[in-house]
Amino acid sequence: MLTDRQRSVLDFIQSEQREKGITPSTREIQSHFGFASQTSVMQYIATLERKGFLDRYARKARALVTPVQKVRITDIPIYGQIPAGMATLTEQTVLGHVSLDTRSANASKNARMFALKVRGDSMINAHILDGDIVILDDRKEARNGDIVAALIDGETTLKRFVTEHGRPYLRAENPRYPDQRPAHDLRIQGVMVSLIRRQSSGGTKTVLSAKHSPSRGYGAAGAKGRGGTQA
């Protein structure tokens, strides 16, 4: 049984998860309810855990599960551009984190994910805009038509991965940009699974699943349209 205030705290957490795809921080909960300190917030969270309305994953910021909605929140690191020659994401400087429930992120179970901030307009026809944050699975293989972060001849970009006559290349989703064909090297660094866009209200919203990103049905023997440089 929950008190009115305990129910209000739980409702607020669930509402933020549902509408923004993120779990509110203890500071945000404190501000919303006007608590004197974050200690009060932690006491409410501990009570909701004890009563079975919340689960919390150790050593994961904002990693709260609301059993009613089966929402699991995970922190995803945001990187800048992947530097040329950088072999692993652990070597990079993390610019921040975005917290999403794994269902909204379209992530596979136990997937390791990272995020990149989009710069440029080469992917606008896939509804990927300048300033968006793309969520990617950290894997090194892609299927024909996937949107990927790739290292091509020493430069990193976000493009559509296309294979034609057995030869891979990168294609933009903007007719102003040419296809990018590797002179020496093309390495996949991540495959896009979803995208989030910051709202004017200051929140974030998952606006695109990679499953629903337009791909124009690229086949192994050919591809349609024109494409690009850096997103």
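Miscellaneous remarks
- Whole-angstrom gap from region 12-27 to region 151-184, using each part's C-alpha centre: 38 Å
- Relative packing of 35-41, 14-20, which averages over residues the other C-beta atoms within 10 Å, highest first: 14-20, 35-41
- For GLY80, the amide hydrogen comes within under 5 Å of the amide hydrogens of LEU95, counting only partners 5 or more places away or on other chains and with H modelled in the peptide plane.
- ³J(HN,Hα), Karplus 6.51/-1.76/1.60, whole Hz, each residue of region 41-51, x for Gly, Pro: 4, 4, 5, 5, 4, 4, 5, 5, 5, 4, 8
- When LEU54, LEU136 are arranged by Cβ crowding within 10 Å, least crowded first, meaning fewest neighbours, the order is LEU54, LEU136.
- Among 156-166, 186-196, the order from most to least packed when residues are scored by Cβ within 10 Å on average: 186-196, 156-166
- Fully extended contour minus Cα-Cα distance, from ARG5 to MET42, at 0.36 nm per residue: 12.0 nm
- FRET efficiency, ARG18 to GLU155 (Cβ-Cβ, R0 35 Å, nearest 0.05): 0.35
Any read-out appearing in this document is the output of simple, stated calculations on the displayed coordinates, not a laboratory observation. Just so you know, these numbers come straight off a predicted model, no measurement behind them. Virtual Cβ from ideal backbone geometry, glycine too; neighbours counted across all protein chains shown.
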